[in-house]
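These notes concern the structure reproduced below.
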Amino acid sequence: MMNGAAQTVFVVDDDPSYLDGVTRVLRTAGFGVAGFRSAEEFVSELEPEARGCVVADLCMPGMDGMDLQETINRSQNPLPVVFLTGQGDVHASVRAMRNGAEDFILKTAPSTELLAAIQRALARDERERTKRLHQQSVVAAFAALSPRQMQVLTRVLAGLLNKQIAAELDITDRSVKRHRHSLMMKLGVGSVAELARLAVEGGLASADVEGEFSASPGALP
Amino acid sequence: MSGVTILLSMAAATSLTLAGVHLLTWFRLRRSSAEVLFALAAISAAATAMLELAAMHASTPAELGTLIQREHVAVYVLVVALAWFVPLHLRAGLPWLAGLITALRTLVLVANFASPPNATFSEITGLQTVTFLGEQLTTPVGSPSAWRVVSQATAALLLIHVGIASVSAWRKRRERRSLVFGGLVAAGILLPSSLAELLARGSVPSAFISLGFSLIVVAMAYELSLDLVRGSTLDRELHESKERLIHAQRVASIESFSAAFAHEITQPLGAILRNAEAATMMLEQNQPDLEELRAIFSDIRRDDDRATQILARMREFLKRQALKLEPIDVNDFARSLEELLGVLLRRHGARLRLDVPSDLPRVIGDQFHLQQVFVNLAMNSLEALEGRPNGEREILLRAARREPAMVEVSVMDRGRGIPVELMPRLFESFATSKKDGIGMGLAISRAIVQLHAGEITGRNNADGGATFSVTLKAVEGRAR
């Protein structure tokens, strides 16, 4: 774990018997567990810094498992979700997996499956959390650039030569070189390739399948 | 009594009895005016028999002349009734022929009264005694009327009319009975006609038209009775097929219920498994918490009970039963519906609200079949509520007393409502608005309610959604 903060398995199931059974197993297996009788209850109590994963029943009255997953995905804290179901509904399972569920498990399957899925989900939460943090810092770094630096940056990423950039921006060649140097220092990169990768990480640009590089709409000032 | 008197009296009596029976049937059932026509024909056959009997004992030519004149009225009624019975009942033949026969016969009837003594004789000169079956009977002597030609023409037309209809009915439906009918009527017309020849030669006292008419009456009665038999057979088959449909509907809804039951039963089963796994893991530990273990085993027992109850409910649902009518407490019934529907409704994010006063009289019904009806109505409501936001998916079950001695139980929702184009055929089989459903539910529901001698109606609410109401007979006596 990254910084020692505890991970919790959040279990959401409207059936009290099953909820008790699952929380017992998870606690005995050594996980931190919190149980909820409804998705609404869970959503209202979820904190943005909470780490861990969600184990949810697919069929619940009110907000069901699918709705819950969508709500979680859109929130500030998109925890990974493992689904539990009473029947093997192929259609529902495909939908759930497409929406990014970690796994889809029968309620009557042995708990080894559930425990394995939870381990994967917890690991995934850590990874994604780290990635999100990194992305936030990258975005902040880009935001710290001056407007002129930003202009130069996007043209560099577009593949323009220095003198082309100078012509477009109506500044001297030397100014371009100067801005280039300082923005790369600020961002902590040593090459255009690194710059490009950082831009992708920061969401300023996207790299498609052939490695073609394109600026995100609105990125060009 | 003489043979002729017995014969003709029996003919009259039989005809009158048959007329009475069919008039009664028609009065109660109002199925077809063919029965009224038959009654008229039979009454006229009886009248003809009595008039012929009287004529054979007439003492004066004038008396005989009047009797024959009256006979014509009876003959008129019978001929016209038969002529129209044919297209109406056999559903074959040419109606315009019936019209033609009626017109001609009316002509004869008018002439019958316009030119005395009657339409058979322009003049009766005297009486003649004939010995027949050991009895002395009188026959008329006189000159035939010119209208006899028309009478004979109508007889011939009638023969043709019945012949065409019988054959065409036989060709259409391949039923032997049409031919039997035609044959009997033909015999009934031809018999008197051939006897007329013997009458002219003085060998018989009368043409015994009434006996011919009796044959015709028998033919018509035969036709009608076959219909009656077929009617009751159909009734029985209908009842049986209703029961089969009800069973089939149960089997079909078992599919949707088994999905719900399967889901419901995996909860306790899954919980038992989890608890057992937890207990196993705890026992691996150094100091297993005995209190916790005790709690686990207690929970396992509780969940096992729950699973057993679910199975018991499913088994009850699967049993096919003929209608067993008994007093049902509406409150208990409503609560059983809640239990039965709870799973299904929760799965779809809906809920059932009950509005059942505690002082309702009990109703007469078959608990299981009525559950079937209300489950169907609730499922329709559920479907209509699709698309409504989660908080607004409510189905209301309301019961109220209705005069005179009935209870009305309604299922109400604020869903899509019933499409206007479906309203006229709402309770007929296969009328459906569902994409994949076959809409059999409402037809079955109505069949069940009808078997309860109750009523079921469906209408759209003024403020949205629909209400389906089932009215059932209340039991007199103590209310809860």
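The values are calculated or read from the model by the stated rules, or taken from the named source; none is laboratory data. Since the model is a prediction, treat every value here as computed from it, not as a measurement. All Cβ positions, even for glycine, are placed from backbone atoms using ideal geometry, and neighbour counts span all protein chains on display. Side chains are part of the model used for accessible areas, which takes the heavy atoms of the whole protein and leaves out ligands, DNA and RNA. Shrake-Rupley method; radii C 1.70, N 1.55, O 1.52, S 1.80 Å.
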**Asked** Do you know which residues across the stretch A:75-128 are touching a helix residue (DSSP H, G or I) at 6+ places or on another chain (Cβ under 6 Å) and either surrounded by fewer than 18 Cβ atoms within 10 Å (Cβ to Cβ) or over 14 Å from A:ALA56 (Cβ atoms) (or both)?
**Response** A:PRO78, A:GLN87, A:ASN99, A:THR108, A:SER111
**Prompt:** Is there a residue in the stretch B:165-180 that is at negative phi, in contact with a Gly (Cβ under 6 Å, 6 or more places away or on another chain) and among the hydroxyl-bearing types (Ser, Thr, Tyr)?
**Reply:** yes
**Message:** Can you tell me which residue is farthest from B:THR266 (Cα to Cα) among those in the stretch A:39-65 that are within 14 Å of another protein chain (Cβ to nearest Cβ), open to solvent by 20 Å² or more (accessible area, probe 1.4 Å) and at pLDDT 90 or above?
**Reply:** A:VAL43
**Asked** touching a helix residue (DSSP H, G or I) at 6+ places or on another chain (Cβ under 8 Å) and more than 9 Å from chain B (Cβ to nearest Cβ): does that describe A:VAL12?
**Response** yes
**Request:** Would you check which residues across the stretch B:1-32 are farther than 30 Å from B:THR139 by Cβ and either buried (at least 16 other Cβ atoms within 10 Å of the Cβ) or of a type in the set (Ser, Thr, Tyr) (or both) and list them?
**Result:** B:VAL21, B:HIS22, B:LEU23, B:THR25, B:TRP26, B:SER32
**Request:** Enumerate the pairs (first residue in the stretch A:101-112 and more than 10 Å from every other protein chain (Cβ to nearest Cβ); second residue anywhere and open to solvent by less than 10 Å² (accessible area, probe 1.4 Å) and of a type in the set (Phe, Trp, Tyr)) with beta-carbon separation below 9 Å, excluding pairs fewer than 6 apart on the same chain, so at least 6 apart or on different chains.
**Result:** A:ALA101/A:PHE83; A:GLU102/A:PHE83; A:ASP103/A:PHE83; A:PHE104/A:PHE83; A:ILE105/A:PHE83
**Prompt:** From the list B:THR14, B:THR25, B:THR66, B:THR5, which residue is polar (S, T, N, Q), part of a helix (DSSP H, G or I) and closer than 14 Å to B:PHE208 by Cα?
**Reply:** B:THR5
**Fill in**
Conditions (1) within 14 Å of chain B (Cβ to nearest Cβ); (2) surrounded by fewer than 15 Cβ atoms within 10 Å (Cβ to Cβ) -> A:GLY35 fails only (2)
**Message:** It is to be established whether one or more residues within the stretch B:34-46 are closer than 20 Å to B:ILE216 by Cβ, in contact (Cβ under 8 Å) with a residue 40 or more places away in the chain and open to solvent by 30 Å² or more (accessible area, probe 1.4 Å).
**Reply:** yes
**Item:** Of residues in the stretch B:56-78 being touching a residue at least 40 places away in the same chain (Cβ under 8 Å), open to solvent by 10 Å² or more (accessible area, probe 1.4 Å) and not polar (S, T, N, Q), the one nearest to B:ASP227 (Cα to Cα)
**Value:** B:VAL75
**Asked** Within the stretch A:100-115, is there a residue that is within 30 Å of A:GLN136 (Cβ to Cβ) and at pLDDT below 90?
**Response** yes
**Request:** Go over the candidates B:GLU408, B:GLU386, B:GLU421 one by one and state the one that is in contact (Cβ under 8 Å) with a residue 40 or more places away in the chain and open to solvent by 20 Å² or more (accessible area, probe 1.4 Å).
**Result:** B:GLU408
**Complete:** Filter the stretch B:267-280 for residues that are at the interface with another protein chain (Cβ under 7 Å from one of its Cβ atoms) and open to solvent by 20 Å² or more (accessible area, probe 1.4 Å); the one that is nearest to A:PRO61 (Cα to Cα) is B:LEU269
**Message:** Please go through the stretch B:289-300 and give me each residue that is surrounded by 12 or more Cβ atoms within 10 Å (Cβ to Cβ) and assigned to a helix (DSSP H, G or I), ordered by number.
**Reply:** B:GLU292, B:LEU293, B:ALA295, B:ILE296, B:PHE297, B:ASP299, B:ILE300
**Prompt:** Quick one: is A:LEU19 closer than 30 Å to B:PRO288 by Cβ and without any contact (Cβ under 8 Å) to a residue 40 or more places away in the chain?
**Reply:** yes
**Complete:** Residues in the stretch A:141-176 that are out of contact with any His (no Cβ under 6 Å at 6 or more places or on another chain), assigned to a helix (DSSP H, G or I) and open to solvent by less than 60 Å² (accessible area, probe 1.4 Å) total 15
